[in-house]
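Contents: one structure, followed by commentary.
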Amino acid sequence: MIYIQSIKFENDQLQILDQAKLPIEKKYIYINNLEEACEAIINLRIRGAPAIGVMAALSIYIEMKRQFKEKLINNLNDFKINLQSVLDQIGKTRPTAVNLFYAIRKIKEEILNKDFNYIEEALNELKKLALIIFEEDKILCDKIGEHGASLIFDGANILTHCNTGSLATAGKGTALGAIYTAVEMGKKVHVYNTETRPLLQGSRLTSFELNYAKIPNTLITDNMVASLFSNKKIDMVLVGADRITKNGDTANKIGTYSIAILANYFNIPFYVLAPYTTIDTNLDSGDKIIIEERKPDEVKTFQQCISAPYDVNVYNPAFDVTPSRLITAIITEKGIFRFPYHF
Ligand code: MRU
């Protein structure tokens, strides 16, 4: 199967597919510096926890190379001071997905805290590390896909939420990746996917990806899930994750928690698929996860059309936390974990 690539790194240049424009326009844009990288993350031109981490790592290299070429860095001391500032700035873009902070931590450990002889050597090591993070994500997706596909039987009707495919990762995806793997194994599936208000990652991105992959799919709005579960035979729910705490509580796109409650009520297995690094062992439980709150305009408009009074109060959390007892299993590249979670 051929997947739409969300991130391209060729000839030492970084490009991303501008997801804010999908599905109307399929356009790759260059990321030339830190400012463009931060803007792209904040405005969801690149989104999905793994893709954010990979793109951050590559764009940190792009920014440091730019500073070196433009002679803004004259020695290794400058290199380290400026790298620290770049890491701090990119770390402020989106708080919830752990993958961004994984990339930042790796760069701190392997570049910032190491000694080099020349700036070129430090830059070269930074590039190597960013490419490892990029390549690793593809491999992780394949492994998660294999474990996940073992739970998907021929003829399964699956519900998914948000977008967890190749647009959200550097590889084939996590929850969607498992569906792709199942299809590659010859299993026939049907996927229902939620629109995912307010930014429509389901209708704009998942419907687009599933159509591209020629996998039978049906779009529903977020408030149709109870109706779907009561009227159609849904065999399982597959979703991704932005951060999982030590006890298995899982932050994912807003609306995931409601689906988990409904799945529990209707006795439908609810699976979370994510790389093992999504598990934040520094946090004991989900109430410690910082949840990003986004601009009111995203709720007061629908695809740029005004859909509410301009002065109305808005609550716009981008993620919610599903308690671990509602999650049937968490699937990582290391295998299938079941409640009570001991990672
Ligand atoms: O706001 P987004 O689009 O970055 O949110 C994405 C999600 O919540 C995904 O489900 C999650 O990042 C997993 S992507 C493999």
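Okay, here's what the table says:
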item: Among residues of segment 33-84, those that are crowded, with 23+ Cβ neighbours inside 10 Å and among the basic types (Lys, Arg), counted; result: 1
item: Strands (runs of 3 or more DSSP E) lying entirely in segment 1-88 (those with 1 or more residues that are within 16 Å of the ligand (Cβ to nearest atom) and out of contact with any Gly (no Cβ under 8 Å at 6 or more places or on another chain)); result: 7-10, 13-17
item: Selection within segment 266-287 - open to solvent by less than 50 Å² (accessible area, probe 1.4 Å) and within 13 Å of the ligand (Cβ to nearest atom); result: Tyr271, Val272, Leu273, Ala274, Pro275, Thr278
item: Some residue of segment 129-137 being at pLDDT 95 or above, surrounded by 24 or more Cβ atoms within 10 Å (Cβ to Cβ) and either more than 15 Å from the ligand (Cβ to nearest atom) or charged (D, E, K, R) (or both); result: yes
item: Leading residue by the ranking (farthest from the ligand (Cβ to nearest atom)) among those in segment 288-314 that are part of a helix (DSSP H, G or I) and closer than 29 Å to Asn99 by Cα; result: Lys288
item: Members of segment 249-261 that are more than 9 Å from the ligand (Cβ to nearest atom), outside any strand (DSSP E or B) and surrounded by 21 or more Cβ atoms within 10 Å (Cβ to Cβ); result: Asp249, Gly255, Ile259, Ala260
item: Residue identified as surrounded by 15 or more Cβ atoms within 10 Å (Cβ to Cβ) and farther than 17 Å from Ala97 by Cβ among Lys246, Lys232; result: Lys246
item: Residue list for segment 149-175, filter: among the aliphatic types (A, V, I, L, M) and either within 8 Å of the ligand (Cβ to nearest atom) or in a loop (DSSP other than H, G, I, E, B) (or both); result: Leu151, Ile152, Leu167, Ala168, Ala170, Ala175
item: Selection from segment 85-106 of residues that are open to solvent by less than 10 Å² (accessible area, probe 1.4 Å), free of Cβ contacts under 8 Å to residues at least 60 places away in the same chain and under 20 Å from Arg243 (Cα atoms); result: Leu87, Ile90, Leu100, Ala103
item: Failed item, numbered, when Lys143 is tested on (1) farther than 22 Å from Leu200 by Cα; (2) of a type in the set (Lys, Arg); (3) within 12 Å of the ligand (Cβ to nearest atom); result: (3)
item: For Lys214: the one exception among (1) without any contact (Cβ under 8 Å) to a residue 24 or more places away in the chain; (2) open to solvent by less than 40 Å² (accessible area, probe 1.4 Å); (3) among the charged types (D, E, K, R); result: (2)
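The values are calculated or read from the model by the stated rules, or taken from the named source; none is laboratory data. What you see is a predicted model; the values in this text were computed from it and never measured. Please note: Cβ atoms are built from the backbone with ideal geometry, for glycine as well, and neighbour counts cover all protein chains shown. Side chains included, ligands, DNA and RNA excluded: accessible areas come from the protein's heavy atoms. Shrake-Rupley method; radii C 1.70, N 1.55, O 1.52, S 1.80 Å.
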